[in-house]
Amino acid sequence: MATHRLGIIMHGVTGRMGKNQHLIRSIVAIRAQGGVTLSNGDRVMPDPILIGRNAEKIEALAREHGIARWGTDLTQALANPDDTVFFDAGTTQMRPVLLAQAIQAGKHVYCEKPIATNLNQAVEIARLAEQAGRERGIKHGAVQDKLFLPGLRKLDMLRRAGFFGRMLSVRLEFGYWVFEGDLQPIQRPSWNYRAEDGGGMILDMMCHWRYVLDNLFGEVQSISCLGATHIPTRWDEAGKPYACTADDSAYATAELKGHGGERVIAQLNMSWVTRVRRDDLVTFHVDGTHGSAVAGLSECRAQSRVATPRPVWNPDQKQTMNFFDQWQEVPDSETFDNGFKIQWEHFIRHVAEDAPYRWTLLEGAKGVQLVEAALQSWQERRWIDVPALSLQA
């Protein structure tokens, strides 16, 4: 069996997400395992070149992980015909421009979300990629990593098995306390809380919830959302105070069209100013006529209709039931790899042998569509419909 080289231009991998999830736990891990296996038994070995503005930082990162190629000139990298894939995990504001530049250079493109800061740009770049795909065979994709989390994969297995019966509702609880920076060191970058730098809970997370809702529970039809900036002042990486201009929390309700056509209600609570008392940093509680389930990042617990207990409401007596003990854990019936790595392998197969791939830039644009609908709902204090998104001019 043959091994084929795949040259990948990786931009923006000095940041936390780009370095840890995409470079170290995906591309470096794929190289360590001997590449990606294709359907005919051949292998594809990624050969990355790391591109960034800070030469010293990029060189150190490349050396640390045994990567021979690095540079600071993106234009020069895009001009190399031997590197056929461009990946971006840099700033959201620059992403549409960089993706367009890469597409025009004939590269397949794969990128983090959001794919743009507004819907017009998102649709424009998705349309450009679709046209390049029809005319030149360009492949394109957007990161949708949460679909590959073990907890959500177990939840999806329950759905596909008919466990829920008719799905009724979904309740999402996400977030934790992000330190302000005056008493404890910050654990998220300060730009996250400045709208002018692309920060904001709604912009950051609604892109994720769109693909999770659409794929697991039902296509989003409308949304009502209230955002908030609960903490007005934070301290940056240099210890200097700054005004927070982006939302740090959001509270939303969405109407979904379930996979069987049923109406599903989704409640979405997300906050960087909440202290965790739940199973995980994110939990999805799904109720259906035949059963319910609660999933976190890794685990999933279920309770069937016939195993549902009968609690008694009596405010004069201390509750004797331990409700957490009444759920059955869904076992690990398979080994779960890193979600980012799994999607990288899917995209590499898509590029190398045209394997099916549905997580395109259009799907990324749908995430931005939900962001804009949520922001509009907050601003106008009303429900906003979310129509089917088309790339037709």
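Of everything in region 1-23, what is over 15 Å from the mean Cα position of the chain (by Cα) and not hydrophobic (A, V, I, L, M, F, W, C)? Give them in sequence order. Listed by number, the residues that qualify are Thr3, His4, Arg5, Gly7, His11, Gly12, Thr14, Gly15, Lys19.
Out of the residues in region 317-336 that are modelled with pLDDT under 95 and charged (D, E, K, R), which is farthest from Ile30 (Cα to Cα)? My answer is Lys318.
Go over the candidates Trp327, Trp383, Trp313, Trp344 one by one and state the one that is among the aromatic types (Phe, Trp, Tyr) and crowded, with 20+ Cβ neighbours inside 10 Å. Give the steps one after another, and end with the answer.
Details: Trp327 fails: crowded, with 20+ Cβ neighbours inside 10 Å; Trp383 fails: crowded, with 20+ Cβ neighbours inside 10 Å; Trp313 fails: crowded, with 20+ Cβ neighbours inside 10 Å.
Going through Trp327, Trp383, Trp313, Trp344 in turn, just one is among the aromatic types (Phe, Trp, Tyr) and crowded, with 20+ Cβ neighbours inside 10 Å: Trp344.
Checking the structure you have, find out if any residue of region 258-280 is crowded, with 22+ Cβ neighbours inside 10 Å, among the hydroxyl-bearing types (Ser, Thr, Tyr) and under 18 Å from the mean Cα position of the chain (by Cα). So far as region 258-280 goes, no, none of its residues is crowded, with 22+ Cβ neighbours inside 10 Å, among the hydroxyl-bearing types (Ser, Thr, Tyr) and under 18 Å from the mean Cα position of the chain (by Cα). Scanning region 268-276 for residues that are assigned to a loop (DSSP other than H, G, I, E, B), of a type in the set (Phe, Trp, Tyr) and touching a residue at least 40 places away in the same chain (Cβ under 8 Å) turns up at least one hit.
Of the candidates Val36, Val28, the single residue that is of a type outside the set (Gly, Ala, Ser) and touching a His at 6+ places or on another chain (Cβ under 6 Å) is Val28. Applying the set (1) under 18 Å from Thr14 (Cβ atoms); (2) touching a strand residue (DSSP E or B) at 6+ places or on another chain (Cβ under 7 Å); (3) buried (at least 20 other Cβ atoms within 10 Å of the Cβ) to Thr92 leaves exactly one unmet item: (2).
For the residues Asp204, Asp182, the requirement of being acidic (Asp, Glu) and modelled with pLDDT of 95 or more singles out Asp182.
Within region 361-390, residues that are under 15 Å from Val212 (Cβ atoms) reach no partner that is exposed (fewer than 14 other Cβ atoms within 10 Å of the Cβ) and acidic (Asp, Glu) with beta carbons closer than 8 Å at six or more positions or on different chains. Taking region 41-63 as the range and being within 27 Å of the chain's Cα centre (by Cα), assigned to a helix (DSSP H, G or I) and either of a type in the set (D, E, K, R) or more than 29 Å from Asp204 (Cα to Cα) (or both) as the test, only Lys57 passes. The residue pairs whose first member lies in region 33-58 and is exposed (fewer than 13 other Cβ atoms within 10 Å of the Cβ), whose second member is not in a strand (DSSP E or B), and whose beta carbons are closer than 7 Å, counting only pairs six or more residues apart or on different chains, are Ser39/Glu353; Gly41/Met1; Arg53/Thr72; Asn54/Thr14; Ala55/Thr72.
Trp344 meets the conditions (1) farther than 30 Å from Phe86 by Cα; (2) of a type in the set (Phe, Trp, Tyr); (3) modelled with pLDDT of 95 or more in every case but one. The failed one is (1).
For Arg63, the conditions (1) in contact with a helix residue (DSSP H, G or I) (Cβ under 8 Å, 6 or more places away or on another chain); (2) farther than 25 Å from Thr117 by Cα all hold with the exception of (1).
Residues being in contact with a Leu (Cβ under 6 Å, 6 or more places away or on another chain), of a type in the set (Lys, Arg) and more than 20 Å from Met205 (Cα to Cα) are entirely absent from region 156-176. Mind checking whether some residue in region 211-225 is of a type in the set (Phe, Trp, Tyr) and out of contact with any Asp or Glu (no Cβ under 7 Å at 6 or more places or on another chain)? Looking for residues that are of a type in the set (Phe, Trp, Tyr) and out of contact with any Asp or Glu (no Cβ under 7 Å at 6 or more places or on another chain), one finds at least one in region 211-225, hence yes.
For region 99-122, a residue qualifies if it is touching a helix residue (DSSP H, G or I) at 6+ places or on another chain (Cβ under 7 Å), surrounded by fewer than 24 Cβ atoms within 10 Å (Cβ to Cβ) and farther than 18 Å from Asp197 by Cα, and the qualifying residues are Ala100, Gln101, Ile103, Ala105, Gly106. Scanning region 182-230 for residues that are surrounded by fewer than 23 Cβ atoms within 10 Å (Cβ to Cβ) and at positive phi returns a single hit, Gly198.
The values are calculated or read from the model by the stated rules, or taken from the named source; none is laboratory data. Here the structure is a predicted model, which means the values were calculated and not measured. Using ideal geometry, Cβ is built from the backbone for each residue, glycine included, and neighbour counts are taken over all protein chains shown.
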